[in-house]
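Peer 1: Can you keep this structure in mind? I'll have questions shortly.
Read-outs throughout are calculated quantities, based only on the coordinates presented, and are distinct from any laboratory measurement. This is a predicted model, so every value here is computed, not measured. A quick note on method: Cβ atoms are made from the backbone with ideal geometry, for glycine too, and the neighbour counts reach across all protein chains shown.
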Amino acid sequence: MIEYLRRAYGIDRVAIVDTDCHHGDGTQDIYWHDPDTLFISIHQDGRTLYPGSGFLNEIGGPNAVGTTINIPLPPHTLRMKAFCMPSKKVVLPILEDFKPDLIINSAGQDNHYSDPITNMNFSARGLCRTDPPAQGRHRRSGRRVFHRRRPALCQYRHHPGHGRPGLQPFARAGLRSQTLPSERRYHAQHQTTCAKVLQTWRQREAVAEALRARPGCDKRSRKIFYDTDQYYEVQAETVRICDDCGGALRIESSSDRSISILAVHLPRKACPVCRKQAYDWYAEGDAKQFDHIFLQDNTEDLYLTKKKKGSPEQ
Ligand SMILES: [Zn+2]
């Protein structure tokens, strides 16, 4: 959707504020190296909920340091007042600094207290932006980010049934929206988290400088288990450190199913050096015997693919 809006309407800088209870790991991954896309996820702490990611030290790739922001919050304490503190102290100041052309709210409603697979403590009235006038300052705060008229705002909601006014609020017996005894302790934790996030944002240029002091390319690797098909994928990622664009990116993928893939990605507004690097990687892929080779050129809106003779289809 974002790339379509960019092409159709000439939008450049985009901010995504993800308020689903789960960390937005997929969105984070897609925009990890994009300095023009600010991704902010406010979610239940990954130590207590799938997908187990979204920690403070996940801040974006070396060409986009600071444009990934994670605000993990402990389970059971995320009433509107806990949600509003990050909005007021972290999200709004960062949005002011980033100056996006478009803000997208990726709005899951699974932080409702009756949701069976999460552990948050939102009420339906706190979640719903079409409520009658707010009864307290916290609900007003909750609407600060998402009711701004400028810049443009787009809201995408998951789980539309959850938290909708009119639904029976006590879907599960015994559940109550309540203040837990531990909430005071968690309040202090929220404050510490917000202070750390803001500190990282303010120091992002110094952090980027340190990361980019190593010339050449930055690498990371990860192992992913697909429980649907019961296999592991190992990814080795290399990004060219670049002062002029998001950097040419290559991902080598192998799995215990013996299929090897080289995926090369060129960002929007790629500089000539990264452009050459990406096409060189694509050309060299044949000699390295990858089964499948892809190149996604976002500058030219081009997608190339080739495969080794005799390689199985994906
Ligand atoms: Zn570049």
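Peer 1: Between Val273 and Tyr9, what is the spin-label point distance in nm, taking each point 7 Å from the Cα along the Cα→C-beta axis?
Peer 2: Taking the two extended label points, one gets 3.5 nm.
Peer 1: Rounded to whole Hz and in sequence order, give me ³J(HN,Hα) for the range 244-260 from the Karplus expression 6.51 cos²θ - 1.76 cosθ + 1.60, θ = phi - 60°, writing x for Gly and Pro.
Peer 2: 10, 7, x, x, 5, 10, 10, 10, 9, 10, 9, 9, 6, 9, 6, 9, 10
Peer 1: Right, next: Amide H of Thr68: which non-local residues (sequence gap of 5 or more, or other chain) have their own amide H closer than 5 Å, using H built in the peptide plane?
Peer 2: For Thr68, the qualifying residues are Phe39, Gly60.
Peer 1: Additional query: Rank the residues Glu237, Glu205 as a footprinting-exposure proxy: fewest other Cβ atoms within 10 Å of their Cβ go first.
Peer 2: Ordered by Cβ neighbours within 10 Å, fewest first: Glu205, Glu237.
Peer 1: Now for a different question. If amide H atoms are built 1.01 Å from N in the plane of the peptide, which residues on other chains or at least 5 residues away come under 5 Å of the amide H of Tyr231?
Peer 2: Tyr226
Peer 1: Still on this structure: What's the center-to-center distance, using Cα atoms, between the range 1-33 and the range 236-314 in Å?
Peer 2: Taking the Cα centre of each part, the range 1-33 and the range 236-314 sit 22 Å apart.
Peer 1: What is the range 188-314's relative contact order, in percent, from Cα pairs under 8 angstrom and six or more apart in sequence?
Peer 2: Working: 202 pairs, mean separation 19.0, N = 127.
So the answer I get is 15 percent.
Peer 1: Amide H of Asp45: which non-local residues (sequence gap of 5 or more, or other chain) have their own amide H closer than 5 Å, using H built in the peptide plane?
Peer 2: Here the answer is Leu73, since their amide H atoms fall under 5 Å of that of Asp45.
Peer 1: Using the Karplus equation 6.51 cos²θ - 1.76 cosθ + 1.60 (θ = phi - 60°), what ³J(HN,Hα) coupling, rounded to whole Hz, does each residue of the range 289-305 give in order, writing x for Gly and Pro?
Peer 2: 6, 6, 6, 10, 10, 10, 9, 10, 9, 7, 6, 9, 6, 10, 10, 10, 8
Peer 1: So, counting K/R as plus one and D/E as minus one, what does the shell of residues with Cβ under 13 Å around Gly285 add up to?
Peer 2: Details: positive: Arg250, Lys288, Lys306, Lys307, Lys308; negative: Glu252, Asp280, Glu284, Asp286, Asp291.
Within the 13 Å Cβ shell, the charges total 0.
Peer 1: Do you know the relative contact order of the range 31-79, to the nearest whole percent, from alpha carbon pairs under 8 angstrom that are 6+ apart?
Peer 2: Value for the range 31-79: 44 percent.
Peer 1: Can you pick out the pairs among Lys88/Lys223; Lys223/Lys309; Lys269/Lys309; Lys88/Lys219; Lys99/Lys223; Lys99/Lys306 whose Cα atoms lie more than 31 Å from each other?
Peer 2: Lys88/Lys223; Lys269/Lys309; Lys88/Lys219; Lys99/Lys223; Lys99/Lys306
Peer 1: Quick one: if the Förster radius is 22 Å, what FRET efficiency do Ala287 and Lys307 give, using the C-beta to C-beta distance and rounding to 0.05?
Peer 2: Efficiency, rounded to the nearest 0.05: 0.95.
Peer 1: Per residue of the range 216-229, what does 6.51 cos²θ - 1.76 cosθ + 1.60 with θ = phi - 60° give for ³J(HN,Hα)? Whole Hz please, x for Gly and Pro, Karplus curve as stated.
Peer 2: With the stated coefficients, the range 216-229 comes to x, 10, 10, 10, 8, 9, 7, 10, 10, 9, 9, 6, 5, 10 Hz.
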